[in-house]
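Enquirer: Here it is, the structure, as structure tokens.
The values are calculated or read from the model by the stated rules, or taken from the named source; none is laboratory data. Because the structure is a prediction, the values reported are computed rather than measured. Cβ atoms come from the backbone with ideal geometry, glycine included; neighbour counts cover every protein chain shown.
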Amino acid sequence: MQIMQIHEPGETPLPHEGDGVIAVGIDLGTTNSVVAISSDGVAEVLRNEDGSGLVPSVVAYAPDGSAFVGELARRLMLDRPDAVVSSVKRLMGRGVEDIKSLAGTLPYDVDKSGGEGSGMVRLSVAGQRLTPVEISAEILTALKERAEVHLGQKVEKAVVTVPAYFDDSARTATKDAARLAGLEVLRLVNEPTAAALAYGLDESAEGVYAVYDLGGGTFDVSILKMQKGVFQVLATGGDSALGGDDFDHAVAEHFLAERAADRGTETMTSADVKMALMSARLAKECLSRQESGQWTLDIDDQQTFHDLDRARLETLIAPLVDRTLGVCRGVLDDAGVASQDIAGVVLVGGSTRVPLVRQRVAALFGKEPLAHIDPDEVVAVGAALQAEALTVGSDTLLLDVTPLSLGIETMGGLVEKIVERNTPVPVSKGQEFTTFQDGQAAMSIHVVQGERELVDQCRSLARFELHGIPPMTAGAARIQVGFAVDADGLLTVTAREQTTGVEQTVEVKPSYGLTEDEMAAMLYDSMMHAQDDMNRRLLAEARVEAERSLSAVAAALQADADLLAAEEQEEIVETMKRLEAAGAREDRDAINAGVEDLERVTRAFAERRMDRGIRSALHGVDVREFESAAEPADGVDTDQPKT
Ligand code: ADP
Ligand code: MG
């Protein structure tokens, strides 16, 4: 069995395995975010009713402090710029100092005074001071909820993608945001690596790949090397202020120039500019599919009409596309790779839908890029595959990680794990031990590998002795045992008596110390145990869900039974009885099916109740209540249409 390994610098250790139930993959984007789930190696992007998998990474705050995320929030950007935050990803892990370089590129007010203590940037939004972590957490919560609604069960684990260049503080901020959203991050995966995984490039024997990612506001290109099952990031580069938004600007300027030629110069508010940008974006996106069209600018109740065809669009954006190619050449240089040596190019990001972008990229690399997975979903797809591999375990069980836990034998034949399985390498970890007997002068260190709790169920890797411990009473000596696994999977164990400095070191080679068969058997074993636990948990959760729906329907019947015809009510009661019966048995599928049945037979009932609820709620509520409370605050710079 080949252990697939992918090198990802700066990854975080994986928490304990096996206690995962369902883990989703999340692409937390600057412009749009996507959540996907994989089962049996097939990933599915979770969509809304309109079939869209993209959740705009935009958060709007209502006057009561509650937040909403996505398309609705994006639409509010025009009217309530002070209450809406977009592009918050640009601020993740940034300090007040860092932000100075972003001045003018952000569509909202940054609190220059900084945060108490932490130095973390804060934003003033709808009268609140919020950190980027809190705002990102709202987006993650929305994605988590989308997944929960879709799956009908709690989702508490995720693989979240981050740009390859994200530094430690940006990665930590991303993890913190997930924690706030109630998600445990199984792993942060680099976006280009996720895209490569989505295309199954980890299964190819060897090669150097380019990942070209042109999103809304950022451009990233990475060169990945796949060798002996390990992905290495050879080089990354990009431009954090170049993306589809700039295409929109170019088109909007063109429209506004046409309008000015027609009507003379007008004074424009920032809302007018944003309106023009929205038309431009629409035009740009349409022209990826069609050859030409007409768009309207509606400013000051005066409409102008603008014809645009693809050829004209291409002349407007060509200089921008060329800039991305310049960056690509630089990154190829850094990686020491010639463009013709690239085995494949993966397209990522909504802006790679633009035909001109595809043509130019194909020309640069001399081959057709891979684009058959939707470029704005491909990162989430890869993340979902990774999430499945990390929870359920699969053939693509991965990465530059220690494939099995490493530990040492302690009293009673027990194993103390020092480096958990799937911890990304390189890693070094230490733990302190002490002597067991008075006057003990030597200590035997037994290094083992495996997932089970008892030494004899694990694989013995090495034994060595630490001599020269000064005579002390039992428990007084302090022996620091350190495990260091380097990027090649080489383990070095050191044992050092802290008071005297006596030290012993031994090198062990864990993954190669096991035969492939042993490795397979051990993984299988630990996965089987994880499976038992997981089944029990899933059953318990299905029961909870069944109880929840039963009591919700019972309460609804109590309140609004008059909305139902007699036979409808009878059907619902029958279905409830069947679900109750299923809940008493150990059959999770039957319980889930029962919950679904109940949902189906109560759907019309729920709709009628909702109608009734809305009608009564609308009685006496003034819609302007929200609007007046969200009046723009003074001093907010609304003249930044870039998103
Ligand atoms: P991010 O990674 O920054 O979150 P996305 O990958 O979602 O961003 O890309 C968003 C950008 O893609 C926007 O500028 C959007 O206008 C652009 N885009 C989306 N669909 C198309 C299309 N069909 N043609 C051209 N550009 C598109
Ligand atoms: Mg993206």
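Enquirer: Sort through Glu599, Glu567 and tell me the only one that's more than 24 Å from Val149 (Cβ to Cβ) and of a type in the set (Asp, Glu).
Expert: Going through Glu599, Glu567 in turn, just one is more than 24 Å from Val149 (Cβ to Cβ) and of a type in the set (Asp, Glu): Glu567.
Enquirer: Now a separate question. What single numbered condition from (1) under 14 Å from Val133 (Cβ atoms); (2) within 16 Å of ligand 1 (Cβ to nearest atom); (3) out of contact with any helix residue (DSSP H, G or I) (no Cβ under 6 Å at 6 or more places or on another chain); (4) not hydroxyl-bearing (Ser, Thr, Tyr) fails to hold for Ala177?
Expert: Going through the list (1) under 14 Å from Val133 (Cβ atoms); (2) within 16 Å of ligand 1 (Cβ to nearest atom); (3) out of contact with any helix residue (DSSP H, G or I) (no Cβ under 6 Å at 6 or more places or on another chain); (4) not hydroxyl-bearing (Ser, Thr, Tyr), Ala177 breaks only (3).
Enquirer: Here is a follow-up. Kindly establish whether Gly237 is touching a helix residue (DSSP H, G or I) at 6+ places or on another chain (Cβ under 6 Å), under 22 Å from Asp333 (Cβ atoms), part of a strand (DSSP E or B) and touching a residue at least 60 places away in the same chain (Cβ under 8 Å).
Expert: yes
Enquirer: Tell me, please, whether a residue that is touching a helix residue (DSSP H, G or I) at 6+ places or on another chain (Cβ under 6 Å) and in a loop (DSSP other than H, G, I, E, B) can be found in the stretch 269-287.
Expert: yes
Enquirer: Buried (at least 23 other Cβ atoms within 10 Å of the Cβ), more than 16 Å from ligand 1 (Cβ to nearest atom), modelled with pLDDT of 95 or more and in a strand (DSSP E or B), is that true of Val24?
Expert: Against the criterion (buried (at least 23 other Cβ atoms within 10 Å of the Cβ), more than 16 Å from ligand 1 (Cβ to nearest atom), modelled with pLDDT of 95 or more and in a strand (DSSP E or B)), Val24 qualifies.
Enquirer: Select from the stretch 208-239 the residues that are at positive phi and at pLDDT below 80 and write down the one among them that is farthest from ligand 1 (Cβ to nearest atom).
Expert: If we take residues in the stretch 208-239 being at positive phi and at pLDDT below 80, then Lys228 is farthest from ligand 1 (Cβ to nearest atom).
Enquirer: Which one of the conditions (1) within 14 Å of ligand 1 (Cβ to nearest atom); (2) more than 30 Å from Lys144 (Cα to Cα); (3) free of Cβ contacts under 8 Å to residues at least 40 places away in the same chain; (4) not hydrophobic (A, V, I, L, M, F, W, C) does Pro355 fail to meet, given that it meets all the rest?
Expert: Checking Pro355 against (1) within 14 Å of ligand 1 (Cβ to nearest atom); (2) more than 30 Å from Lys144 (Cα to Cα); (3) free of Cβ contacts under 8 Å to residues at least 40 places away in the same chain; (4) not hydrophobic (A, V, I, L, M, F, W, C), the one that fails is (3).
Enquirer: Here is a further query. Restricting to the stretch 192-221, and then to whatever is over 21 Å from Val321 (Cα atoms) and not aliphatic (A, V, I, L, M), can you tell me which residue is nearest to ligand 2 (Cβ to nearest atom)?
Expert: Checked the stretch 192-221; the qualifying residue nearest to ligand 2 (Cβ to nearest atom) is Thr193.
Enquirer: Just to check your reading of the model, which residue among Ala283, Ala261 is among the aliphatic types (A, V, I, L, M) and more than 16 Å from ligand 1 (Cβ to nearest atom)?
Expert: None of the other options fit; the residue is Ala261.
Enquirer: In the stretch 27-72, how many are more than 12 Å from ligand 1 (Cβ to nearest atom) and either hydrophobic (A, V, I, L, M, F, W, C) or not assigned by TED's automatic domain parsing to the domain that holds Ala384 (or both)?
Expert: Result for the stretch 27-72: 14.
Residue-by-condition table, conditions (1) modelled with pLDDT under 85; (2) within 16 Å of ligand 2 (Cβ to nearest atom):
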| residue | (1), (2) |
| --- | --- |
| Ile6 | yes, no |
| Ile37 | no, no |
| Ala62 | yes, no |
| Ser66 | yes, no |
| Glu71 | no, no |
| Leu76 | yes, no |
| Asp79 | yes, no |
| Arg90 | no, yes |
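Enquirer: Among the listed residues Ser428, Ser444, which satisfies the condition of being within 26 Å of Leu188 (Cα to Cα), surrounded by fewer than 16 Cβ atoms within 10 Å (Cβ to Cβ) and modelled with pLDDT of 75 or more?
Expert: The match here is Ser428.
Enquirer: Residues to consider are Thr391, Thr435, Thr396; find the one that is among the polar types (S, T, N, Q) and at pLDDT 80 or above.
Expert: Thr391
Enquirer: Determine which member of the set Leu332, Leu356 is crowded, with 22+ Cβ neighbours inside 10 Å and more than 25 Å from Ser39 (Cα to Cα). Step through it out loud before you land on a result.
Expert: Numbers: Leu356 fails: crowded, with 22+ Cβ neighbours inside 10 Å.
When all the criteria are applied, what remains is Leu332.
Yes/no matrix, rows are residues, columns are (1) surrounded by fewer than 18 Cβ atoms within 10 Å (Cβ to Cβ); (2) in a strand (DSSP E or B); (3) at pLDDT below 70:
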site: Phe483; (1), (2), (3): no, yes, no
site: Asp488; (1), (2), (3): yes, no, yes
site: Thr500; (1), (2), (3): yes, no, no
site: Ala555; (1), (2), (3): yes, no, no
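Enquirer: Run Leu364 past the list (1) touching a Cys at 6+ places or on another chain (Cβ under 7 Å); (2) assigned to a helix (DSSP H, G or I); (3) within 16 Å of ligand 1 (Cβ to nearest atom) and report the number of the one that doesn't hold.
Expert: It fails just one condition, (3).
Enquirer: Among the residues in the stretch 330-337, are any among the charged types (D, E, K, R) and more than 29 Å from Val159 (Cβ to Cβ)? Spell out the reasoning first.
Expert: Going through the stretch 330-337, the residues among the charged types (D, E, K, R) turn out to be 333-334.
Now restrict to residues that are more than 29 Å from Val159 (Cβ to Cβ): 333.
Scanning the stretch 330-337 turns up at least one residue that is among the charged types (D, E, K, R) and more than 29 Å from Val159 (Cβ to Cβ).
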